[in-house]
1. How about the stretch 47-57: which of its residues are within 13 Å of Thr35 (Cβ to Cβ), part of a strand (DSSP E or B) and not hydroxyl-bearing (Ser, Thr, Tyr)?
2. Of the conditions (1) touching a strand residue (DSSP E or B) at 6+ places or on another chain (Cβ under 7 Å); (2) of a type in the set (Gly, Ala, Ser); (3) modelled with pLDDT under 95, Ala87 fails just one. Which one is it?
3. Consider only pairs whose beta carbons are under 9 Å apart and that are at least six residues apart or on different chains; among these, list those whose first residue lies in the stretch 63-85 and is farther than 12 Å from Ile24 by Cβ and whose second residue is outside any strand (DSSP E or B) and among the aromatic types (Phe, Trp, Tyr).
4. Please go through the stretch 58-108 and pick out each residue that is outside any strand (DSSP E or B) and of a type in the set (A, V, I, L, M).
Amino acid sequence: MKTSLLALAVAVTMTATPALADAIVGTWLRPSTGTLVNFAPCGSSFCGTVRNGEYAGQSIGTLSGSGSNYNGQITDLAEGKTYRGKARISGNTMKLQGCILGGAICRGEDWQRQ
């Protein structure tokens, strides 16, 4: 009986672990360019690194937060400009935006989890 309970506890822990991971962690596709970006923990934030194409290996910025809301700095590598960034995640879609004027004007697009 003790063995069964231990096995059940291990199984529950293993299946619950992915649900505890931060929603932003993983690889995301920017549909307008075909760019893949991986977000991974870096200190107390999450760093976005380009995985393919012209900017492979370069950072697009750092976001902090948890659950479905993240904020920080996002760099448009093609322009060489950094913006206030925010990401909102719903399921396998992340709305990533770069903002100016204190967040009054934002532009972005929906990225898909890969």
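1. Looking only at the stretch 47-57, we keep the residues that are within 13 Å of Thr35 (Cβ to Cβ), and these are 48-57.
If we keep only those that are part of a strand (DSSP E or B) as well, we get 48-50.
Matches in the stretch 47-57: Gly48, Val50.
2. Of the numbered conditions (1) touching a strand residue (DSSP E or B) at 6+ places or on another chain (Cβ under 7 Å); (2) of a type in the set (Gly, Ala, Ser); (3) modelled with pLDDT under 95, the odd one out for Ala87 is (3).
3. Pairs found: Leu77/Tyr55; Ala78/Tyr55.
4. At the first step, the residues of the stretch 58-108 found to be outside any strand (DSSP E or B) are 58, 67-68, 77-80, 91-92, 101-104.
Those that are outside any strand (DSSP E or B) and of a type in the set (A, V, I, L, M): Leu77, Ala78, Leu101, Ala104.
The values are calculated or read from the model by the stated rules, or taken from the named source; none is laboratory data. Just so it is clear, the model here is predicted, and its values are computed rather than measured. With ideal geometry, Cβ positions are generated from the backbone for all residues, glycine too; neighbour counts draw on all protein chains shown.
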